[in-house]
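Student: Handing you a structure now.
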Amino acid sequence: MAPRKTASVSSRKAAAKPAKKDFAGGTIAEFSKEAELKAYREMLLIRRFEEKAGQLYGMGFIGGFCHLYIGQEAVVVGMQLALKEGDQVITGYRDHGHMLACGMSARGVMAELTGRRGGLSKGKGGSMHMFSKEKHFYGGHGIVGAQVSLGTGLAFANRYRGNDNVSLAYFGDGAANQGQVYESFNMAALWKLPVIYIVENNRYAMGTSVSRASAQTDFSQRGASFGIPGYQVDGMDVRAVKAAADEAVEHCRSGKGPIILEMLTYRYRGHSMSDPAKYRSKDEVQKMRSEHDPIEQVKARLVEKGWASEDELKQVDKEVRDIVADSADFAQSDPEPDVAELYTDILL
Ligand SMILES: Cc1ncc(C[n+]2csc(CCOP(=O)(O)OP(=O)(O)O)c2C)c(N)n1
Ligand SMILES: [Mg+2]
């Protein structure tokens, strides 16, 4: 990532794991071989899934809006590594990666994209509206910023019930300028709610760059007037995300209230499938891909440390591709919902 003013995560209390500095000045977690391989597999699953979704969209199998998460994989995978059973996740419309990271099935997500019966919302929600009570995933929201208030509500529920679960509310740099975000910050700080606000700063909101839309571009400081601590994190390095996640989760679980993590990340594709992304140069994208790709970083470390050979990593890729191919076959062969489904799941 381009160097930016960074409130180093290392300025906080000692990380739970041994840590060293990365180029951006943040703390990064030491990953064992198993952790690196797990992160590699999970990020690759998201990458391959999104590539396939893009293809199916182009072939006309997916209708409506579809926002791909390619480039941002380290954020959800790193955050998820710090969670325990019962912790909740909520996000906006760029949600396929979050769902896969939560353990929702590739079949269920892909079949929802194609509007089929076996989709996670029975084919009635599509890309932006999927949920799983079982995996504690609360959507999938098309209204920019709405998930922030709902995520704060999830944290309120945890506090009310007296459990020690935390909720993760993901939102974008564009969403960070929405009014309800600050109403949520106020309540969360006032009642010390266990919510981690994760700003996925991928530098653009549709076609508008952060610097053109935001008076304060350090999103980690957006909670300052409410006394909410915040930190910038290298969101392209899964180890940096994990280290920040560990500390943030500990902060929330121990009753200290909300916290903000700004993930410095990047989306490789356009905003949605209809965006040719002409507002940025090809060089800018290429530089991120070649110098900061989250998956390539893990791959290089695995090979360099002798923890996996190129062939073994190709085998992981094959296994992941098989899962994705199976989900795509299912998403094309599963029937569409029955017309009677139009009258179910309706609140009157
Ligand atoms: C309340 C509301 N206003 C506007 C829109 C249109 N809209 C959809 S996505 C988007 C940009 C959001 O960008 P960001 O929060 O940075 O998320 P990203 O797409 O980069 O993940 C806008 C303005 C909307 N869906 N909802
Ligand atoms: Mg954005």
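Student: Which condition does I346 not pass, out of (1) farther than 30 Å from K84 by Cα; (2) part of a helix (DSSP H, G or I); (3) among the β-branched types (V, I, T), if it passes all the others?
Tutor: I346 satisfies all of (1) farther than 30 Å from K84 by Cα; (2) part of a helix (DSSP H, G or I); (3) among the β-branched types (V, I, T) except (2).
Student: Here are some residues: Y197, Y182. Which one is farther than 20 Å from F65 by Cα and away from ligand 2 (no atom under 16 Å from the Cβ)?
Tutor: Exactly one of Y197, Y182 is farther than 20 Å from F65 by Cα and away from ligand 2 (no atom under 16 Å from the Cβ), namely Y182.
Student: Does V148 fit the bill of being away from ligand 1 (no atom under 16 Å from the Cβ) and buried (at least 23 other Cβ atoms within 10 Å of the Cβ)?
Tutor: No, not satisfied.
Student: May I ask you to verify whether R267 is assigned to a helix (DSSP H, G or I) and touching a Phe, Trp or Tyr at 6+ places or on another chain (Cβ under 9 Å)?
Tutor: Considered against the rule, which asks whether it is assigned to a helix (DSSP H, G or I) and touching a Phe, Trp or Tyr at 6+ places or on another chain (Cβ under 9 Å), R267 comes out as no.
Student: Would you tally the residues in segment 242-264 being charged (D, E, K, R) and either closer than 30 Å to G64 by Cα or not in a helix (DSSP H, G or I) (or both)?
Tutor: 2
Student: Any idea which of (1) more than 10 Å from ligand 1 (Cβ to nearest atom); (2) of a type outside the set (V, I, T); (3) within 13 Å of Q88 (Cβ to Cβ) is the one E183 doesn't satisfy?
Tutor: All conditions pass for E183, except number (3).
Student: Can I ask one more? Please go through segment 320-348 and pick out each residue that is hydrophobic (A, V, I, L, M, F, W, C) and closer than 29 Å to K38 by Cβ.
Tutor: Restricting attention to segment 320-348, the residues satisfying the condition of being hydrophobic (A, V, I, L, M, F, W, C) are 320, 323-325, 328, 330-331, 339-340, 342, 346-348.
Listed by number, the residues that qualify are V320, I323, V324, A325, A328, F330, A331.
Student: Which of the residues belonging to segment 270-313 are among the acidic types (D, E), closer than 25 Å to T27 by Cα and either in contact with a Lys or Arg (Cβ under 8 Å, 6 or more places away or on another chain) or not in a loop (DSSP other than H, G, I, E, B) (or both)?
Tutor: E291, E296, E304
Student: Still on this structure: Within segment 88-129, which residues are hydrophobic (A, V, I, L, M, F, W, C) and in a helix (DSSP H, G or I)? Walk me through it before giving the result.
Tutor: Initial filter on segment 88-129 (hydrophobic (A, V, I, L, M, F, W, C)): 89-90, 99-102, 104, 106, 109-111, 113, 120, 128.
Passing the criteria: M99, L100, A101, A106, V109, M110, A111, L113.
Student: Looking at segment 107-120, I want the residues that are small (G, A, S) and have a partner that is assigned to a helix (DSSP H, G or I) and surrounded by 24 or more Cβ atoms within 10 Å (Cβ to Cβ) with Cβ atoms under 6 Å, at least 6 apart or on another chain. Which pairs are those?
Tutor: Pairs found: A111/A331; G118/A111; G119/A111; G119/E112.
Student: I need every pair where a residue in segment 219-245 that is among the polar types (S, T, N, Q) has its Cβ under 7 Å from the Cβ of a residue that is in a helix (DSSP H, G or I) and crowded, with 24+ Cβ neighbours inside 10 Å, sequence separation at least 6 or different chains.
Tutor: Taking only residues 6 or more apart or on different chains, the pairs are Q232/S220.
Student: Moving to a separate point now. From the set of residues in segment 219-233 that are over 12 Å from K192 (Cβ atoms) and among the hydrophobic types (A, V, I, L, M, F, W, C), which is surrounded by the fewest Cβ atoms within 10 Å (Cβ to Cβ)?
Tutor: My answer is A224.
Student: Given the criteria in a loop (DSSP other than H, G, I, E, B) and either more than 10 Å from I260 (Cβ to Cβ) or more than 9 Å from ligand 1 (Cβ to nearest atom) (or both), does I228 qualify?
Tutor: On the way: in a loop (DSSP other than H, G, I, E, B): yes; either more than 10 Å from I260 (Cβ to Cβ) or more than 9 Å from ligand 1 (Cβ to nearest atom) (or both): yes.
Judged against the criteria, I228 is a match.
Student: If you don't mind, there's one more thing I want to ask. Please work out if S132 is more than 13 Å from ligand 1 (Cβ to nearest atom), free of Cβ contacts under 8 Å to residues at least 40 places away in the same chain and either farther than 30 Å from G64 by Cα or out of contact with any Gly (no Cβ under 6 Å at 6 or more places or on another chain) (or both).
Tutor: yes
Student: Next question. Specify which of the listed residues (R289, R301) is within 23 Å of the chain's Cα centre (by Cα) and either within 20 Å of N201 (Cβ to Cβ) or aliphatic (A, V, I, L, M) (or both). Spell out the reasoning first.
Tutor: On the way: R301 fails: either within 20 Å of N201 (Cβ to Cβ) or aliphatic (A, V, I, L, M) (or both).
On inspection, the qualifying residue turns out to be R289.
Student: Further question: Would you confirm whether any residue within segment 234-254 is crowded, with 24+ Cβ neighbours inside 10 Å and within 16 Å of ligand 2 (Cβ to nearest atom)?
Tutor: Yes, some residue in segment 234-254 is crowded, with 24+ Cβ neighbours inside 10 Å and within 16 Å of ligand 2 (Cβ to nearest atom).
Student: Scan segment 207-218 residue by residue and report those that are more than 8 Å from ligand 2 (Cβ to nearest atom) and either outside any strand (DSSP E or B) or surrounded by 16 or more Cβ atoms within 10 Å (Cβ to Cβ) (or both).
Tutor: G207, S211, R212, A213, S214, A215, Q216, T217, D218 - these are the residues of segment 207-218 that are more than 8 Å from ligand 2 (Cβ to nearest atom) and either outside any strand (DSSP E or B) or surrounded by 16 or more Cβ atoms within 10 Å (Cβ to Cβ) (or both).
For (1) in a loop (DSSP other than H, G, I, E, B); (2) over 19 Å from the mean Cα position of the chain (by Cα), each residue gets a yes or a no:
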residue: G140; (1), (2): yes, no
residue: S149; (1), (2): no, no
residue: R159; (1), (2): no, yes
residue: Q180; (1), (2): no, yes
residue: A189; (1), (2): no, yes
residue: K192; (1), (2): yes, yes
residue: I198; (1), (2): no, no
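Student: Considering each of A213, A205, A277 in turn, give the residue that is within 15 Å of ligand 1 (Cβ to nearest atom), more than 22 Å from L154 (Cβ to Cβ) and modelled with pLDDT under 95.
Tutor: After applying the criteria, what remains is A277.
The values are calculated or read from the model by the stated rules, or taken from the named source; none is laboratory data. Worth saying up front: this structure is predicted, and the values here are computed from it rather than measured. Virtual Cβ from ideal backbone geometry, glycine too; neighbours counted across all protein chains shown.
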